[in-house]
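Have a look at the structure below, then the notes.
Coordinate-derived values only; no laboratory data. Note that this is a predicted model, so its numbers are computed, not measured. Cβ coordinates were reconstructed from backbone atoms using ideal geometry, including for glycine residues, and neighbour counts include every protein chain displayed.
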Amino acid sequence: TPDITSVCKDAGAGVNKKDDAIRTLKCCPPSLGKEVKHFVFPKEKTVRMRWPAHNGTKEQVDKYRAAIKAMRALPDDHPHSFVSQAKIHCAYCNGGYTQVASGELFKDIDLQIHNSWLFFPFHRWYLYFYERILGKLINDPTFALPFWKWDEPAGMPIPEMFVPETIDGQPNPLYDVYRNPHHIKEGYVDLDYNGTDKHLSDKTQVACNLSTVYRDLVRNGSDTVAFFGGDYVAGDSPVANGDPSVGSVEAGCHTAVHIWVGDKTKPNREDMGNFYSAGYDPAFYIHHANVDRMWKLWKELGIRGHVEPNCEGWLNASYVFYDENEELVRVFNKDCVKLDRLKYNYIENSKEVFPWRKSRP
Ligand code: C2O
């Protein structure tokens, strides 16, 4: 559990070519000495319905663009700024924080929220606040994020709205210069991408992707540990990438999309190909919305064993975020399990929720 108000250092862990890093390694939030408050569940009646990014209405797309534009316009040191939001990922994932669970204990061990059971809940909370901040910036309490629906054939290419550099002569706020230009043009994402292009036909790529989703949600994600990742508690060193305790989705389609989008000619595969820079690509949050949705779908499959961890070490693990009112709040894993309490959900296709259900590899 980090103490982000007093203990934070420059990031570096996991950044291979630090000297050539394109983004800054100074990822600490503007929080020194600030009080951390209790999180209060949202009281509003409306549920924010996240929408498939390839299928948004003009109104949805325009609002989303306007919100990101407003976020980019804030000064970098504002906790809601585009850069501050990106740095959250860097600080939590590249050695910004240490584990200070019980006072002085573990103050020399870095916190890492990847490669373990912290992965799903941390990112759920991250997007929860990010979405509410965007809504606040455009004064729309119903604002909902899009999700990159790569588990359905029509949603597999990078959503079109992210691609153009300019729109009507203005910079497109959803564009990011550090992406693999070939992939952005080429179409279908490879959910099993490992750095080498396979040059499959669209039809074959679609079929492979569907079986990759099946692999990660069903075959390799058959129980709590397999799906969420193994336990990681105060005193454990950061789990190395590729460790067998990383969850099936995290290790599988999640990471594949990161490296597929990132620019492999850049020193650290910026932006999406490294934790420290991933948050600078707006596509990151849209990708993670779908990763978050995989948690929901995994439960909805209704298969025995598809349940969240229920031990203390998981339930009471916590993080600190700036909320939409610029307050620092501490949030716990146990409070993010039920989506209806968080007042958001995902728009599903009523006919076919699991288009990969019969795609056993
Ligand atoms: Cu925190 Cu997709 O990584």
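From the phi of every residue in the stretch 347-352, what ³J(HN,Hα) in whole Hz does the Karplus formula 6.51 cos²θ - 1.76 cosθ + 1.60 yield, where θ is phi - 60° and glycine or proline is x?
6, 10, 7, 5, 7, 9
Before rounding to the nearest 500, sum -39500 (n - 2.57) across all DSSP H runs of length at least 4 in the chain and divide by the residue total; then give [θ] at 222 nm in deg cm²/dmol.
Per the formula, -9000 deg cm²/dmol.
Asp340 versus Ser237, label points 7 Å from Cα toward the beta carbon: distance in nm?
The two pseudo-label positions are separated by 4.5 nm.
Students often get this wrong: which residues of the stretch 189-210 have the backbone nitrogen under 15 Å from the point 7 angstrom along Cα-to-C-beta of Lys358?
Residues 207, 210 fall inside that zone.
Regarding the chain, what are the three Cα extents along the principal axes, ordered largest first, in Å?
56, 52, 48 Å, listed from the longest principal axis down.
I'd like to verify something in the chain: which complete DSSP H helices, judged by Cα projection on the helix axis, reach 15 Å or more and average at least 0.0 on the Kyte-Doolittle scale?
Those that pass (Cα extent of 15 Å or more, hydropathy at least 0.0) are 82-93, 119-137.
By DSSP, what percent of the beta bridges with both residues in the chain are antiparallel, rounded to the nearest 5?
Roughly 55 percent of the beta bridges in the chain run antiparallel, per DSSP.
Could I have the simple spin-label model distance between Asp168 and Glu312, label points 7 Å from Cα toward Cβ, reported in nm to one decimal?
Between Asp168 and Glu312, the label points sit 5.8 nm apart.
Based only on the alpha carbon positions, what is the Kirkwood hydrodynamic radius of the stretch 202-361, in angstrom?
Values: mean 1/r = 0.0570 Å⁻¹.
After inverting the pairwise mean of 1/r, the radius is 17.5 Å.
Hey, what do the phi angles of the stretch 158-168 turn into as Karplus ³J(HN,Hα) couplings, whole Hz, using 6.51/-1.76/1.60 and θ = phi - 60°, x for Gly and Pro?
3J(HN,Hα) across the stretch 158-168, in whole Hz: 4, x, 3, 5, 7, 7, x, 6, 10, 9, 6.
Using each residue's phi in the stretch 335-341, evaluate 6.51 cos²θ - 1.76 cosθ + 1.60 at θ = phi - 60° and report the 3J(HN,Hα) Karplus result to the nearest Hz, with x for Gly and Pro.
8, 10, 6, 9, 5, 5, 6
Please report the relative contact order for the chain, taking Cα pairs under 8 Å with a sequence separation of at least 6, and give it as a percent rounded to a whole number.
Reported relative contact order: 26 percent.
Out of the stretch 35-105, which GluC sites (Glu not before Pro) are coil in DSSP terms and have no more than 16 other C-beta atoms within 10 Å? Kindly include the intermediate steps, with their values, before the conclusion.
Values: sites: Glu35, Glu44, Glu59, Glu104; in loops: Glu35, Glu44, Glu104.
Counting only loop positions with at most 16 other Cβ atoms within 10 Å, the GluC sites (Glu not before Pro) in the stretch 35-105 are Glu35, Glu44, Glu104.
Scale the Cα Rg of the stretch 35-162 by the rule-of-thumb value 2.2 N^0.38 Å and send over the ratio, two decimals.
Rg over 2.2 N^0.38 Å, computed on Cα atoms: 1.23.
Name the aspartates and glutamates eligible as straight-distance cross-link partners of Lys334: C-alpha to C-alpha under 17 Å, and not fewer than 8 places from it in the same chain.
Asp231, Asp292, Glu308, Glu312
Taking H placed 1.01 Å from N in the peptide plane, check which residues at least 5 places from Lys37 or on another chain put their amide H under 5 Å from its amide H.
Long-range HN contacts for Lys37: Leu328, Val329, Arg330.
With an 8 Å cut-off on Cα pairs and a minimum separation of 6 or more residues, tell me the relative contact order of the stretch 226-357 in percent.
Over the stretch 226-357, the number comes to 13 percent.
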